[in-house]
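The values are calculated or read from the model by the stated rules, or taken from the named source; none is laboratory data. Just so we're clear, the structure is a prediction, and the values are computed from it rather than from any experiment. Here Cβ is always computed from backbone atoms with ideal geometry, including for glycine, and neighbour counts include all displayed protein chains.
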Amino acid sequence: MKTFVLLGFLCIIFIDTHAQLTDAGKTAIVNAHNKLRSTLAQGKYNISGDIRRAATNMKMIGWNDDLARDAYRSIYQCPANIGRPNPAETGANIRVVDAVGTQGPDEYAKEAVAFWEKQFQDKGWPVNNTVANLAAQGLAEATQMAFSLTGAMGCGVQKCGSKVATVCYYKFPLKNDYLIYEMGTVCSSCPDFHVCNQPTGLCTYQQVGK
Ligand SMILES: *[C@@H]1O[C@H](CO)[C@@H](O)[C@H](O)[C@H]1NC(C)=O
Ligand SMILES: *[C@@H]1O[C@H](CO)[C@@H](O)[C@H](O)[C@H]1NC(C)=O
């Protein structure tokens, strides 16, 4: 009994102290998402000459430690198949690559994010600007990065033998048949409790008076 308690305790320590991504790494990951979202929001995102229209309601994304912990928990024991969270509650982007030399967790995570975003550059914008059939279009991960209503994310990285897994969790998740974002005047329709951040064109969370 005592052994189990001790093991459980060590396990918690392990999870917390091996969350691995540095603060600089977390910032870089969030910034990469917000750069994409800001460029879209301002009507400047260019896919081979297809300039996407501005967004009325694009939220700024922030880092969330609970999502990062849950993402890490999905991989820290090196499962043969990485489980996904309930898709109605939490979105997940997953990338597994071969381990490369002494590359650290920050680098794997940044590379994963760049890889996901590149789906737009390679495959174009989703049909009808809609969350539908994204996997078939090869656009599921990029679209999760760009989904207007997603405001929080967190990632974990784990080396398993010769492989390294990066998993990022998102809230809100992609919701079927929702628009990826509303097109129109930038920031003109920020969600409740959000105000426009003019320099980025993103809607930032702010608890305002009723
Ligand atoms: C968009 O990208 C294409 C190349 O893919 C380039 O030719 C074009 O000049 C770009 N447009 C703008 C407005 O940057
Ligand atoms: C896109 O919109 C058109 C017109 O509303 C519709 O017929 C078509 O099924 C839609 N395609 C997808 C993939 O949702």
Within region 163-181, residues closer than 22 Å to residue 130 by Cα and of a type in the set (Lys, Arg) come out as 171, 175
Looking across region 116-135 at residues that are away from ligand 2 (no atom under 13 Å from the Cβ) and of a type in the set (Phe, Trp, Tyr), the single one that is farthest from the chain's Cα centre (by Cα) is 120
If we keep only residues of region 40-51 that are in contact (Cβ under 8 Å) with a residue 40 or more places away in the chain and surrounded by fewer than 21 Cβ atoms within 10 Å (Cβ to Cβ), then the residue farthest from ligand 2 (Cβ to nearest atom) is 42
Notebook entry, point to check: In this structure, does residue 207 turn out to be touching a Phe, Trp or Tyr at 6+ places or on another chain (Cβ under 8 Å), in a loop (DSSP other than H, G, I, E, B) and at pLDDT below 95?
Noted result: yes
In this structure, is residue 63 touching a Lys or Arg at 6+ places or on another chain (Cβ under 6 Å) and under 25 Å from residue 202 (Cβ atoms)? yes
_Among the residues in region 159-166, are any surrounded by fewer than 17 Cβ atoms within 10 Å (Cβ to Cβ) and charged (D, E, K, R)?_
yes
Just one listed residue, out of 144, 137, 119, is surrounded by 16 or more Cβ atoms within 10 Å (Cβ to Cβ), within 16 Å of ligand 1 (Cβ to nearest atom), of a type in the set (S, T, N, Q) and more than 15 Å from residue 68 (Cα to Cα), and it is 119
The lone condition residue 137 fails out of (1) under 23 Å from residue 90 (Cβ atoms); (2) in contact with a Ser or Thr (Cβ under 9 Å, 6 or more places away or on another chain); (3) in contact (Cβ under 8 Å) with a residue 24 or more places away in the chain is (3)
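Here is a yes/no grid of residues against (1) in contact with a Lys or Arg (Cβ under 9 Å, 6 or more places away or on another chain); (2) more than 25 Å from residue 51 (Cβ to Cβ):
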| residue | (1), (2) |
| --- | --- |
| 139 | yes, no |
| 153 | yes, yes |
| 171 | no, yes |
| 186 | no, no |
| 192 | no, yes |
Screening 91, 62, 124, 101 for residues that are within 16 Å of ligand 1 (Cβ to nearest atom) and of a type in the set (Gly, Ala, Ser) leaves only 124
